[in-house]
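Step one of this worksheet: look at the structure below.
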Amino acid sequence: MRRNNLMRTIIIFAVIIWAVYQLYPTYSLWQYRQQSEKLVQELQTFANLNVDEIHEALRVGLLEARLRESIQDQDKLNRALNIAEKLNELQEKIDENEPKSIKQGLDLLGGTYLVYEVDLPELLRSLSKNPDARFDSLMTEVTRRSQQTDEDFFNVLLATFQEKGIRLNRYFGRRVQTDDQIIDELKKQAEDAVDRTLEVLRNRIDQFGVSEPTITKQGSRRIVIELAGITDIKRAKSLIGKTAVLEFKLLKDPAVFSAVLKQIDDVVKKKIKASGKAITGADTSKAAGTGTKEVGVSALFGESTVIGDSAAKKANDTTVVVEEELFEQNPFFSLLWPIGNEVMVPAKNLRAVQRILNMPEVKNVIPDDAEFLFSSKPVIHDGQEFYTLFFLKKQPEMTGKYITEAGVTIGSGSQSFTQGQPIVTLNMNREGARIFARVTGANVGKRLAIVLDGKVASAPNIKDKIPSGNAIIEGNFSMEEAKELAIVLRAGALPAPVVPIEERTIGPSLGRDSVRRGQISIAIGIILVVVFMMIYYRMSGLIADIALILNLILIMAALAAFGATLTLPGVAGLILTMGMAVDANVLIFERIREELRTGKTVRAAIDAGYSRAFWTIFDANVTTFLTALVLYQFGTGPIRGFAVTLSVGILASMFTAIVVTRVIFDTITQKRTLTKLSI
Amino acid sequence: MQFLKQTNIDFLSKRKIAISFSLFLIAVGLITLLIHGGPDYSIDFLGGTEIHVHFEKPAPIAEIRKALGEVGFAKAEIKNFGSPNDVLIRIEVQQNNDQATSTILNTLSEKFADMNPTMLSVESVGPKIGKELRSAAVWAVLVSLALILLYIWIRFEFVFGVGAIVALFHDVLITLGIFSILRMEISLSVVAAFLTIVGYSLNDTIVVFDRIRENLKSMRRESFFSILNMSINQSLSRTIVTSLTTLIVVFVLYINGGEVLRTFSFALLIGIIVGTYSSIFIATPVVAEWEMRQLQKSGKTNRRRR
């Protein structure tokens, strides 16, 4: 009846190795974070930048530039740049480990959870044709009523208007439309307001300065924003509330573009030479076959304080992707990839390119009337993410405020190449049409970039003069991309009124306190349970204890593997699981004791104990699992974290308490026939 | 080591006493609930703003109240939170929550600069969200109860499902009652604790039921009643050991988990004690009671088999 113990042992060890492998990035991340945090604190004391600003600058690769702007004193600046260099290196490592680690919820890291809702009364006011005094009093009434009931806002609106005998088309839409049609249209407008806000916020996502801001739509009229690790909530909120700026900017002549790139390349090369550090430190032979190699970022800047051998060693940790041959000759070009007619930057090189573009020596060679901007979204090419680098005139040709409407249609048959393709339509008011006619007329053949908050959403070619104020944008859009572009175009035109309706902010000190308390609670809890089990069940208790510790490791590993978030209630769930996880073993042990009392041999008692207890354990766990699922459905952020650790804990404890302890028991009883079991 | 040698306690004959005792507890809880006009909800369900501030010295509540009264928050509720240095300020739903929060924080840091007040957390919930969360919480509890009933019905018999559900209602009502008596607030995390209690108590109950199911198959000569009794006795040792280990960790959490988890772990603490009690004294007796009624109805006298 002995089942294959070798197989089971192998599986157990495989699981342990898997767990350690999963947890290693989390461990390294903690180390790097601690080092980084220390440096940021140090920097903050003399650098006129607060913690969030430093983090944000660090994430987008502008730390050196910001420091140069904010520190006048040369000694201080040098010290700051020195720290910045180390921070940049740490940041690379943090970025690498972050996606593979257990995330901490905002109640542990500090941070804020915000829910925004479309301000419907405000939206309606801005949509109405002729908001008079009566309209205002009606809207006040509607607002008051809707706050008192659970009824949908639009139903209240309709009911209120109907009571007063006023048809909606007096204020909204066209005369011929019925109330229902207008309500439908208004609902669409409300949803569009959410979509516009969402698009604008996602476009700003890197400015929050936190590793993983989540911005999601909830229902049709709400946006949930979670910013874990942020300390300056006011700044975050003003970033959310900031009106979006949409601009149309002309691209500079490609010839000028490449000339400037060449100049920058020369500057970088000179700088590397001047620093006296050859890149020979990097191991070039290693990747010779592939034509690309990875180079330490610091080598590119010639600023590194690391010398000789250690530079070569470091090359593997913080790397960018460059073409090998190019690197020696053209250090800056090697970061860029020409794809089609565009200059692309692999996502991994983005920060390095930002840093180079913001070096004072490089800024000197960029003409005053021009600027570099990146595309807002990456394109995928050969399985790699690339951002497009644009070189544009600083002065916008037109802003988004003239746009009255933007939408998506499917190209008609009149032009064969757009047939069946989604195209974006764009309508302007009369003044906009006049400006647009002048701009397009004077620049046929050039490219006009659509820039939202400093990021290029699209850069179509001007084919012809557009005098009518009705433009179309063609391209190889998917339907999704076309829709997004249309939303971007509308976002600059119509500010969407949103108001916060829920806010939960945890200060960083409370978060730290919670983490500390959590750690201590887990430690004390485990020690008490372990000691209790050892006293109560002696050697068998020790076996259960091994399973318990393994259980804890497995839960953490699973959290890391699923990219789950650990919250304070999650930690509570973990502790609770520690108490409940021994239950399976208690059931089994009690059963074995019973069987021993009936006079069975040790081996038979163990067999009977395990097989009889199994279904009990199963049934009991399934029901707890069911409640955890409901909890997950019902809860938001922190509570979900609790549900996740609870359910993962149940699964892990089934494995450790049943499989692992069994193998240990079997191994012990196999060696010799026990007449007495320590239980 | 062993707490209990093989026991043979006649739990079922004491069911009348147990059920009366529980009904009494529930009644007391419900009466206080009525007197207080429903449970004390936290801002999660009522809407409003709560600001948790830490001072470096014991916080002067009266002076804080005065200072906030001067800037228009005379109605603010101000109390110590966990330690004398910590203060919780609660205000009703405002026109502009952001502004209210920063006014309060600015006032505190100006007037009490020597105590270096730091914001630990701010939570504001709009009135509409509060309402939604309340109905979501009720739904969550109902849905999980329905799922459990369904599962037990499939795995066991319907009557066991009834026993389990009665025990669960019993646990939640008593915990709710104790919260009401102590005037502790029902927040989102307390609801989460309730759901956990439901899961835990059920765990205990199912272990007993499982034993009953097994014994019903193997002990064909015993009466239904004595099988129930025997099953409770056989699983008693396990019930006590598991409850103990779980209580140990929850107690650690209650003592050491900080103010944020205090009510959460308190609810768990109560729930585990009540849940353990109910799996022995409520769930199985209800099964016995139900079966007896069924038997009386169908006119049979002694016992019934599956």
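The values are calculated or read from the model by the stated rules, or taken from the named source; none is laboratory data. All figures in this text were calculated on a predicted structure; none of them were measured in a lab. Ideal geometry is used to build each Cβ from the backbone, glycine not excepted, and the neighbour counts take in all protein chains shown.
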*Go through the residues of the stretch A:501-509 one by one and say whether even a single one is without any contact (Cβ under 8 Å) to a residue 40 or more places away in the chain and not assigned by TED's automatic domain parsing to the domain that holds A:Tyr27.*
no
*If B:Ser218 satisfies every condition in (1) of a type in the set (Gly, Ala, Ser); (2) touching a residue at least 24 places away in the same chain (Cβ under 8 Å); (3) within 14 Å of chain A (Cβ to nearest Cβ) but one, which is the exception?*
(2)
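Of everything in the stretch A:248-266 that's among the charged types (D, E, K, R) and buried (at least 19 other Cβ atoms within 10 Å of the Cβ), which residue is farthest from A:Thr404 (Cα to Cα)?
If we take residues in the stretch A:248-266 being among the charged types (D, E, K, R) and buried (at least 19 other Cβ atoms within 10 Å of the Cβ), then A:Asp265 is farthest from A:Thr404 (Cα to Cα).
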_Based on this model, can you work out whether B:Gly199 counts as crowded, with 24+ Cβ neighbours inside 10 Å, in a helix (DSSP H, G or I) and free of Cβ contacts under 8 Å to residues at least 60 places away in the same chain?_
yes
*With respect to the numbered conditions (1) part of a helix (DSSP H, G or I); (2) over 24 Å from B:Gly126 (Cα atoms); (3) among the aliphatic types (A, V, I, L, M), which one is the sole condition not fulfilled by A:Leu138?*
(2)
*Which numbered condition trips up B:Gly47, out of (1) surrounded by 15 or more Cβ atoms within 10 Å (Cβ to Cβ); (2) under 17 Å from the mean Cα position of the chain (by Cα)?*
(2)
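Test B:Leu236 against the criterion of being more than 7 Å from chain A (Cβ to nearest Cβ) and surrounded by fewer than 22 Cβ atoms within 10 Å (Cβ to Cβ), and give yes or no. I'd like the intermediate steps shown before the answer.
Values: more than 7 Å from chain A (Cβ to nearest Cβ): yes; surrounded by fewer than 22 Cβ atoms within 10 Å (Cβ to Cβ): yes.
Yes; evaluated as a whole, the condition is true for this residue.
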*What tally of residues in the stretch B:104-150 results from selecting those that are closer than 26 Å to B:Val287 by Cα and among the small types (Gly, Ala, Ser)?*
3
*Keeping to the stretch B:37-71, report how many residues are within 20 Å of B:Leu188 (Cα to Cα) and not in a helix (DSSP H, G or I).*
12
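Being in a helix (DSSP H, G or I) and buried (at least 24 other Cβ atoms within 10 Å of the Cβ) is the filter here, so list the residues in the stretch A:555-574 that pass it. Spell out the reasoning first.
As a first pass, look at the stretch A:555-574 and keep what is in a helix (DSSP H, G or I): A:555-562, A:568-574.
Within the stretch A:555-574, A:Ile555, A:Leu559, A:Leu568, A:Pro569, A:Gly570, A:Val571, A:Ala572, A:Gly573, A:Leu574 meet the criteria.
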*Go through A:Glu431, A:Glu405 for me and flag whichever is modelled with pLDDT under 90, acidic (Asp, Glu) and more than 23 Å from A:Leu373 (Cα to Cα).*
A:Glu405
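Which ranges mark the helices (runs of 4 or more DSSP H) fully within the stretch A:44-129 that have 3 or more residues being within 14 Å of another protein chain (Cβ to nearest Cβ) and on the phi < 0 side of the Ramachandran plot? Steps first, please.
Values: elements: A:51-60, A:63-70, A:74-97, A:106-109, A:120-127.
Passing ranges, in order: A:106-109, A:120-127.
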*Considering every residue within the stretch A:442-455, establish whether at least one is among the basic types (Lys, Arg), within 30 Å of A:Thr231 (Cβ to Cβ) and in contact with a strand residue (DSSP E or B) (Cβ under 9 Å, 6 or more places away or on another chain).*
yes
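Test B:Ile270 against the criterion of being part of a helix (DSSP H, G or I), more than 7 Å from every other protein chain (Cβ to nearest Cβ), out of contact with any Lys or Arg (no Cβ under 9 Å at 6 or more places or on another chain) and not aromatic (Phe, Trp, Tyr), and give yes or no. Outline the logic, then answer.
Details: part of a helix (DSSP H, G or I): yes; more than 7 Å from every other protein chain (Cβ to nearest Cβ): yes; out of contact with any Lys or Arg (no Cβ under 9 Å at 6 or more places or on another chain): yes; not aromatic (Phe, Trp, Tyr): yes.
Answer is yes for this residue.
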_Cβ-Cβ distance below 6 Å, separation of 6 or more or different chains: which pairs start in the stretch A:512-541 with a residue that is over 25 Å from A:Ser678 (Cβ atoms) and end on one that is part of a helix (DSSP H, G or I) and of a type in the set (Lys, Arg)?_
none
_Please determine whether any residue of the stretch A:171-190 is exposed (fewer than 14 other Cβ atoms within 10 Å of the Cβ) and within 32 Å of the chain's Cα centre (by Cα)._
yes
*If you take the residues in the stretch B:251-262 that are crowded, with 20+ Cβ neighbours inside 10 Å and touching a Phe, Trp or Tyr at 6+ places or on another chain (Cβ under 9 Å), which one is farthest from B:Ser121 (Cα to Cα)?*
B:Leu253
*Considering every residue within the stretch A:142-159, establish whether at least one is modelled with pLDDT under 90, within 30 Å of A:Val488 (Cβ to Cβ) and surrounded by fewer than 17 Cβ atoms within 10 Å (Cβ to Cβ).*
yes
_Among the candidates B:Ile91, B:Ile64, B:Ile78, B:Ile31, residue that is at pLDDT 90 or above and surrounded by fewer than 18 Cβ atoms within 10 Å (Cβ to Cβ)_ = B:Ile31
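In the set B:Thr175, B:Thr205, which member is part of a helix (DSSP H, G or I), buried (at least 22 other Cβ atoms within 10 Å of the Cβ), more than 12 Å from chain A (Cβ to nearest Cβ) and polar (S, T, N, Q)? Talk me through it step by step, then tell me what you get.
Values: B:Thr205 fails: more than 12 Å from chain A (Cβ to nearest Cβ).
That would be B:Thr175, the only listed residue that is part of a helix (DSSP H, G or I), buried (at least 22 other Cβ atoms within 10 Å of the Cβ), more than 12 Å from chain A (Cβ to nearest Cβ) and polar (S, T, N, Q).
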*Among the numbered criteria (1) assigned to a helix (DSSP H, G or I); (2) more than 22 Å from A:Ile501 (Cβ to Cβ); (3) not hydrophobic (A, V, I, L, M, F, W, C), which single criterion is violated by B:Gln99?*
(2)
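Per-residue answers, yes or no, for (1) without any contact (Cβ under 8 Å) to a residue 12 or more places away in the chain; (2) in a helix (DSSP H, G or I); (3) closer than 30 Å to B:Asp10 by Cβ; (4) within 14 Å of chain A (Cβ to nearest Cβ):
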{"site": "B:Ile154", "(1), (2), (3), (4)": "yes, yes, no, yes"}
{"site": "B:Val166", "(1), (2), (3), (4)": "no, yes, yes, no"}
{"site": "B:Asp171", "(1), (2), (3), (4)": "no, yes, yes, yes"}
{"site": "B:Ala192", "(1), (2), (3), (4)": "no, yes, no, yes"}
{"site": "B:Leu195", "(1), (2), (3), (4)": "no, yes, no, yes"}
{"site": "B:Glu222", "(1), (2), (3), (4)": "yes, no, yes, no"}
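This table checks each residue for (1) without any contact (Cβ under 8 Å) to a residue 24 or more places away in the chain; (2) more than 11 Å from chain A (Cβ to nearest Cβ).
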residue	(1), (2)
B:Gln95	yes, no
B:Thr101	no, no
B:Asn106	yes, yes
B:Phe112	no, yes
B:Thr118	no, no
B:Val122	no, no
B:Val138	yes, no
B:Ser144	no, no
B:Leu147	yes, no
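Inside the stretch A:198-220, can you point out the residues that are within 14 Å of A:Leu452 (Cβ to Cβ) and outside any helix (DSSP H, G or I)?
Residues of the stretch A:198-220 within 14 Å of A:Leu452 (Cβ to Cβ): A:198-207.
Across the stretch A:198-220, the qualifying residue is only A:Arg204.
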*Considering the stretch A:613-666 alone, what residues qualify as being within 23 Å of the chain's Cα centre (by Cα), surrounded by 18 or more Cβ atoms within 10 Å (Cβ to Cβ), of a type outside the set (A, V, I, L, M, F, W, C) and in a helix (DSSP H, G or I)?*
A:Gly637, A:Pro638, A:Arg640, A:Gly641, A:Thr645
*Give me the pairs: first residue in the stretch B:264-282 and in contact (Cβ under 8 Å) with a residue 24 or more places away in the chain and within 16 Å of B:Arg238 (Cβ to Cβ), second residue among the aromatic types (Phe, Trp, Tyr) and surrounded by fewer than 24 Cβ atoms within 10 Å (Cβ to Cβ), beta-carbon distance under 7 Å, and six or more apart or on different chains, which are they?*
B:Ile280/B:Phe11
